[in-house]
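*Asks:* Mind having a look at this structure? Questions to follow.
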Amino acid sequence: MNDTLKLLESIEKSSGSDLKKVKNLKEFEKLRTQYLGRKSKLTKILRSIQNLPQKDRPSVGKKSNEVRKALEASFLKTQGELEQIQSLNEASDIDVTIPALKKHIGHIHPNTQMIWRIQDIFQLMGFEVFEPYDIDDDYHTFTSLNLPEGHPARDIWDTFWTEEGFIPITHTSSMQNRVMKMRKPPIRAVVIGHTFRNERTDPRHEHTLFQCEGIYVDKGITLSDMIGTLKIFFSKVFEKDVKVKLDPDYFPFVEPGNGMALSCTLCDQKGCRVCKYTGWLEILGCGMIHPFVLREGGIDPDVYSGFAWGFGVDRLVMLREKIEDIRHFHSGDLRFIRQF
Ligand code: DAH
């Protein structure tokens, strides 16, 4: 009996060292037959148990079952490892030198690129960046901006209204009042976001566009601060020294109100179709913030003054990238987008 037990122990031992030497699944199958097959020593011992003297049966039976279980477990483990190695080897049969399929992985929209550029420039100049609410109320869109209900100047904006009386904002000026209430002077803020107009679209007009609004409120702010700030901004956007010019204009929330024009960035004032041979491009509305608007924002107009402006982001992109039709932006035409 002792011999059988010793044999069982040596089977277990040698199977362990043999398994370590196996290099592939073929060798492994051979070894498995050798140790666990019908003609293996172990199977023979298991079969012979019934012929043993009654007293030896339990110990030999127990030991041989233990060895069988141990062998099955270690063979299973090795099989798993070998299979993994084999599949890795098969994978390395892939020819990695074949050129990859060319896939287009997406693109930052030119409007977004411009928004980032605008934010960077104004942040460097000490302005804080805000986002507007896409849908806002009458007070913030109009009334707080010196445009009470029934004011004829409301006609300047072709406004959408929801049935509940809210407005998909016509301009990012809608944030002026909130920013003034949230901050104390000096206030330097820009608001960039989507605006919506009830427009009949054409190459220069879209129903959905981006706007950048800005305000600067402090003691002793004058129009020359505004001119300087915007001139520096536009020179940075177009990466060249641009000239700016003020014309009188009317917006209820500024007094005086102005239109600002830039020296034509396309022809450098030699005269072209885009500037209609005037050398100037109308680019934004601006002016000194109306005392009513400051007061509504909780700021004393006898102590503080400020300037404000608003321009279309899409228009800047069109000028910078020489795009002739604003409707391309929302056309979803990838041939257009991929150029930028
Ligand atoms: N909100 C105006 C618009 O949508 C643009 C504008 C003009 C903004 C003059 C201003 C401003 O802040 O002072 O047409």
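*Asks:* Going by the conditions given, is Gly287 open to solvent by less than 10 Å² (accessible area, probe 1.4 Å), within 30 Å of Leu147 (Cα to Cα) and over 33 Å from the mean Cα position of the chain (by Cα)?
*Replies:* The answer is yes for Gly287.
*Asks:* Kindly indicate which of Leu101, Leu82 is touching a residue at least 40 places away in the same chain (Cβ under 8 Å) and hydrophobic (A, V, I, L, M, F, W, C).
*Replies:* Leu82
*Asks:* To continue, here is another question. Does Ser235 satisfy the criteria of being touching an Asp or Glu at 6+ places or on another chain (Cβ under 9 Å), within 16 Å of the ligand (Cβ to nearest atom) and farther than 30 Å from His104 by Cα?
*Replies:* no
*Asks:* May I pose another question? Can you go through Val317, Val313, Val293 and tell me which one is crowded, with 22+ Cβ neighbours inside 10 Å, under 17 Å from Arg204 (Cα atoms) and within 16 Å of the ligand (Cβ to nearest atom)?
*Replies:* Val313
*Asks:* Let me ask something else. Find the residue count for the stretch 195-224, including only residues that are under 27 Å from His328 (Cβ atoms), open to solvent by less than 60 Å² (accessible area, probe 1.4 Å) and assigned to a strand (DSSP E or B).
*Replies:* Count: 10.
*Asks:* Quick one: how many residues across the stretch 225-256 are more than 26 Å from Thr112 (Cα to Cα) and open to solvent by 30 Å² or more (accessible area, probe 1.4 Å)?
*Replies:* 10
The values are calculated or read from the model by the stated rules, or taken from the named source; none is laboratory data. In this text the structure is predicted, and so the values were computed from the model without any measurement. Positions of Cβ are generated from backbone atoms using ideal geometry, with glycine treated the same way; all protein chains shown enter the neighbour counts. Surface accessibility is based on the protein's heavy atoms, side chains included, excluding ligands, DNA and RNA. Shrake-Rupley method; radii C 1.70, N 1.55, O 1.52, S 1.80 Å.
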